[in-house]
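Scroll down for the structure; my scribbles are underneath it.
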Amino acid sequence: MLTLAVATLRLRWRSFAGMFVALALGSALVAALGQVLATTAGAPDRGPQRYPDVPVVVVGVDELSVPTWRGPETVPLAQSRGVPAALAARLPDAVADRVFPATLAAASDRTVGRPWSARPAAGQRLVAGRAPATDDEIVVSGGARPGERVQVVTAAGVRAYTVAGVSSPARESSVFFTDARAAKLSPRIDALLTWRPAAEVRAAVGADARVLVGAERSRLDPNRESDADARNNANTIAGIALGFAIFISIAVVAATFAFAVGQRHREIALLRAAGATPGQIRRMIYAEALVVATLAATVGSVAGPYAAPAFLDWLTARHMAPDWIDAVSDSTWPAYLAFATGLFVALLAVLTAAWRASRVRPVEALRESSMPARPMPLSRWLLGLGTLVTALVCMAVIAVDDPDSATNRKTYMPVLMLLIAAAALLAPAVVRPTAKLLTRPFERMGGAVGMLVAAAATSSARRTAALATPVLLTVALPAALLTASAMTDTAKAAAGARSMPADYLVVPDGTAGLDAELAARLRAVPGADVSTIVESSVYTLEGETVLIQRPAEGLPSVPDDAIVTEADWGYDVGDTVRLWLADGTETRLRVLRFLPAGAATAAYVSPRNAGAGLPSRALVDVRPGSDPEAVEAALRRAAAGHRATVVSKADRVAAAATGRAGASRLGLLMVLGILLTYTTIALVNTLVMGAPDRAGERRTMRLLGADRGQVLRYALAESLVAVGVGVILAAAVTGTALSGLWVALLRVAGPVPLDVSWTVVGAVVGACVLIATVLPALLERSSPIASDSASAP
Amino acid sequence: MPSVPVVELSEVTRRFATGVTALTGVSVAFDTGSFTAVMGPSGSGKSTLLQCAAGLDRPTSGRVTLAGQELTALGERRLTLLRRERIGFVFQSFNLMPALTAEQNVALPLRLAGRRPRRSEVRASLAAVGLADRAGHRPGELSGGQQQRVAIARALLTAPAVVFADEPTGALDRNSGEQVLRLLRDMVDQRRQTVVMVTHDAHAAAYADRVLFLTDGRIDGQIVAPTAEAIMIHMARLEAAAC
C-alpha cells in the first residue's frame, strides 16, 4: 500500500499541496511559539536592579506567618514595616537607605527620594555640582541645573529646594536629600546596606530582620511585579496561540483531505473491486497522510525556530514580553514537539476521511459521478446542530444569568467562535436557498452566462458550499471578534463610570500618590465633597488553612473598627472578621455592610487600617447647589504644582474606551491572524483542488460554442456567487452573535454602539473577491481546449 | 466432460430503495470454460445481474454461488478476499488506477493479496495482449482500447474463476473492439477461462457461446451458438414487444 500511496502522491501532488502548506505552517507555528515559550518561561529573572553593587542587604520582616493546623502559612506582606531602629544601631557602619516618594513638580518623570549616602548603592555618580550640604539642598538626576530653585513634591506636600548637583540617571532615578532631611521625610528605614561578610551580619541581626544576598536582593526591586506580569503575558499569549494553531490545523487538514478523498471516490471503488479490503484502503490513506506530514513537519519544525526572535520582538515592543531577555533559548524540544505535533495532527485529521474511504462500495467504480451525492452527511448535521445549540444556550445563559461576564474576553470569545463554527458546519444546508436568492436577478438579465451561473450555483450546492464556507469564516471571524472587542471595551468603560459615581477624579501624575498638602487643599475647595482612597490589602484565613490577600481601600467614611466586605466572603452584617492588615498587624473588624456589585476592590477599611501608603486617588462630588464649573476650576487650581491631574467623568470614559493595549486584546489579534491565515489557505486550496471538476464543464461549454470571454465570465461569476453567499451568511452569523452580546451588555452598561470596523471587513471581503476571481482566471488560462479520454482525472 | 457451473444464481431478486425492481426471480448458471453474453434493452437489469453475480451488489432475496462459495453469506472482508483471487473485471471505462503504470496495474490484485508476481510473468501477460512495449506507461498515456487490454492482461495473470465484463467494447472503435473480443475468446478457448459479458452490441455478443436475453428483470430466452443476425432479430422482437 505504501507504493500505491507514493504513486498517488506523485501523480496528484496538487491535491496534497494545500494539506502540505497547512501542516508545514502548523509545525512552524508550534516550533516558533514553543521556542518563545521556552525563552520566556526558562529565562532567569533579571539581576537585582536596586542594589546590584551592595553585597549584603538587611530588610525588615516582609512576610506574614500565621500558624495553622497544617503548619505555618506564609505570604509576602503588602507593606513592609521597615528595619527597627534598634537593629540599625547594631550595625553602625551600615548605610540606612530610605526610599520615599519625591518628585520635581515641574518635571514629568518618576523619581524616588533617597538619602545622599545611599548614592553608591543606587549606582549613580555625581556628574555636575556637588553633594547637598544643607538640608534644603538636593541632587537631582535631570530636569534642573545646579543653583536652580525647584519645587519638590513629597508625601507631606510641596517645598522649595536648591539644586546642589546633578547625578547620572539610572533605572530608578533618585532625588538625593541629606541624610538628616531624608530621615525626617521618611523615618522608616527601608534597608540597611552593608559591605561586611554575610555571616557576621546574620549573627548581629538574629531573627529580627532578613539578610539578603545574591539573587535574593531582587525581592526589593520595584519592577518585580511588572516583570512577572510581562513573563505571564508572554506565556499566556504564546500558549493560547499555540493551542489555536494546532486546533485550526486539524480542522483545515481534515477538510482538505476529506475533499481530496471525495474526488478520488471512483479510484477507491476500483481498488476495492480489485480486491483491497477496507483495512487496506484505510492504511493507504494513513500512509499518504504520513508521507505528506513527514515532509511538511520536517520543513516546519526546522524553519519555525527562525521566526521565534521576530515573535519575541513583536511582543516586547508591545510590552507583553520580558524585555531583559535578549537571547532566544537554544533548546531543541520545540522543534521535536513541532515535528511530533505535525504527524499527530495529520493522523487525527485524516481519521474521518480514511474511515469514509474504507466504506466506499466497489460497485461505485461503475458509476459515472465523481463525487458522493450528499453534501450534508448525518455526522455533519449532528455536529453542526449540536454546536449551534451549545452556542445559543451559552449566549442565553450569559444574557440572563451573568451579564457581567459578557465583558470578559475569555467568556464571549469562545461563544462567538462556537457560533461561527456552527454556521460553517451547517453552511451547505442553507447554501442552496441563499444562492437562489442571490442569482434570481441574473437568471433573466444575464443572458446565457447568467442562466448557467444561476443553475450551477443552485444545483451543485456542495461545490458552492465548499467555496462559501472559507469565505464565511474569513469574513465573520474578524468582523464579529473585533466588533465584539470594541463593544466590550466601551461597555467596561461605561460600567466603570457607572459604578464609581464621582463627578471628578484627582489622580497622581507620575508620583506614588496624592500628598497630604494636596488632600487638605482639595478638601478646602468650597462646594466639593472629597474622599481620598488609599489602596491597601487585608489578609484573611480561609478554611483555617489558607491565607488569602485581598485588595482593600481606605475610605474615610469607614470607622476604625469596621470593614465593608464583598457579599461572598461568607459573613453577615454585624459579624466579626479576624484578619491581618497590610503590614501584618492582626486585628478583628466588624462587618458594616456589603460592597455593591461591580466595585473595583474587595473591601473598604478605615484610612488608618489601610496603612502608610499615599492616597492613589481622590473622588470629588459636587455638592448640590454648587456651580460645577467653579468647583472644577477650584480643583484644578488646588492640584497645580502637586503633580496631580483632575479628570472629569467624560474624560474617564473616553480614555478607557481608547485604551486598547491589553494582553488579552493582543492575544485576540494573534489568534485572529492565525485563523485568517488558515482560512485563506483553505480558500485557495478549495479553488485549486476544485479546478479539475470545473474544467470538464468548461470544456463542454467551449465545444458547444462559447467563446473564451464567455467562459471566463462564467468562471468569475460562479466564484463571485459563492463569495457572495459566504458574505451573506457571514453577515447573518455576525449579526446574530453581536445582537446576543448587545442584549447581554444592555444590563451591564446600557445600550452600547455597534461599532463595526468597516475598513477591516471591507479589506477582508475585497481580499476574498480578489482571490476568488484571480485564481480561477489563472487556472483557466493554463488548461487546453482539447482533451484525452475520460480516464485522465 | 460434464460441465460444472462456476457461477449459479438461484431465484435472485433485486429491489432498490427507490422502488425499482431490477431483477425478479432470476435463476441462471454459468458453466466453467463458457463464454456467455447477457443482452437486453436498456433498463432490463443486465448490469444489475452482473453486479449480483460478481458479488458487487447484494440481492434482496435469493442465492448466488461462485466457485463453490455462497456469496450472499459472506461478509465484506471475505468477499474482498474472494474478489482478489477468483473474480476478474473488465469495465467499459475506468479500469485502471491512474497513478500506476500498466505493469503495476496488472500485478495489483496479487500485490493486494500480499504476493509478488515475478516480473517475467507480468511481462508475459502484457505480451499476450500485445502491449509488452507499454509496460511502463500510465493509463493517461494509453488509448481506451489499450486500457481495456491491460485490464484483460490483469485478468490473465490472476487467472480467476470468472471474468465479468461490463460493456467492454462500448467506448471503443471497431478495430480495438475486435481486438478485445478476440482476446476474450482466446482466454476461453485456450485457458478454459469462464467469461460473462454484458453488452448491447449484437456483433460483440456473437463471439459468445451462448446469449441470454433479459427483459424487465426476467430471463427471456437464449440463443446457443449465436450469429449476429439471429441476435439482432431476437433483440428487435424483444424491443417491439416492450413498447
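Rule-based calculations on the coordinates, nothing more; no lab input. A quick note: this is a predicted structure, and the numbers were derived from the prediction, not measured. Glycine also receives a Cβ, built like all others from the backbone with ideal geometry; neighbour counts cover every protein chain displayed.
Of A:E629, A:E63, A:E718, how do they rank once you tally other Cβ atoms within 10 Å and put the fewest first?
Ascending Cβ contact count within 10 Å gives the list A:E629, A:E63, A:E718.
At B:T18 and A:V302, where each label point lies 7 Å from the Cα along Cα→Cβ, what is the point-to-point distance in nanometres?
About 5.4 nm, to one decimal.
Which of these, B:L49, B:L212, B:L100, has the largest mean-square fluctuation under a Gaussian network model of chain B (Cα springs below 10 Å)?
B:L100
If each residue's Cβ is checked for other Cβ atoms within 10 Å, how do A:E172, B:E178 rank with the fewest at the top?
In increasing order of surrounding Cβ atoms, one gets B:E178, A:E172.
Hey, got the dipole for the protein assembly as shown? About the Cα centre, +1 on K and R Cβ, -1 on D and E Cβ, debye to the nearest 20?
Approximately 2780 debye in magnitude.
For the residue pair A:D53 and A:R699, what label-to-label distance in nm results when each label sits 7 Å from Cα along the Cα-to-beta-carbon direction?
Once both label points are built, they end up 8.4 nm from each other.
Using the 10 angstrom Cβ neighbour count as an exposure proxy, how do B:K46, A:K410 rank, fewest first?
Ordered from fewest to most neighbouring Cβ atoms within 10 Å, B:K46, A:K410 come out as A:K410, B:K46.
Report the charge-dipole magnitude of the stretch B:121-243 in Debye, nearest 20, computed about the Cα centre from +1 at each Lys and Arg Cβ and -1 at each Asp and Glu Cβ.
380 debye
Report, in order of residue number, the helices in chain A meeting two criteria: a C-alpha extent of 15 Å or more along the helix axis, and a mean Kyte-Doolittle hydropathy of at least 0.0; treat each whole DSSP H run as one helix.
A:13-42, A:224-263, A:278-303, A:333-358, A:378-401, A:409-445, A:447-459, A:461-499, A:663-704, A:708-749, A:758-781
What angle do you read, to the nearest 10 degrees and between 0 and 90, between the alpha-carbon axis of helix B:119-128 and the longest principal axis of chain B?
Compared with the principal axis, the helix lies near 50 degrees.
Based on DSSP, what percent of beta bridges with both residues in the protein assembly as shown are antiparallel, to the nearest 5?
The answer is about 70 percent antiparallel.
Toward the positive end of the charge dipole of the stretch A:345-457, about the Cα centre and with charges on Cβ (Lys, Arg +1; Asp, Glu -1), which of A:L383, A:A457, A:M417 goes farthest?
Towards the positive end, the residue furthest out is A:A457.
Please give the charge dipole size of the stretch B:5-242, origin at the Cα centre, charges +1 on K and R Cβ atoms and -1 on D and E Cβ atoms. Round to the nearest 20 debye.
1000 debye
Lysines within cross-link reach of A:K649: Cα-Cα under 25 Å, excluding same-chain residues under 8 positions apart?
Cross-link targets: A:K492.
For the charge dipole of the stretch B:5-242, defined by +1 on Lys and Arg C-beta atoms and -1 on Asp and Glu C-beta atoms about the Cα centroid, which residue among B:L212, B:V28, B:L183 has the Cα displaced farthest towards the positive pole?
Towards the positive end, the residue furthest out is B:L183.
Considering the options A:V21, A:I681, A:Y714, tell which one lies farthest towards the positive end of the dipole of chain A, charges being +1 on Lys and Arg and -1 on Asp and Glu at the Cβ, about the Cα centre.
A:Y714
What whole number of Å gives the distance from the Cα centroid of the stretch A:55-123 to the Cα centroid of the stretch A:204-246?
Taking the Cα centre of the stretch A:55-123 as reference, the centre of the stretch A:204-246 is 18 Å away.
Provide the percentage of antiparallel DSSP beta bridges, counting only those with both residues in chain B; round to the nearest 5.
The antiparallel fraction comes to roughly 55 percent.
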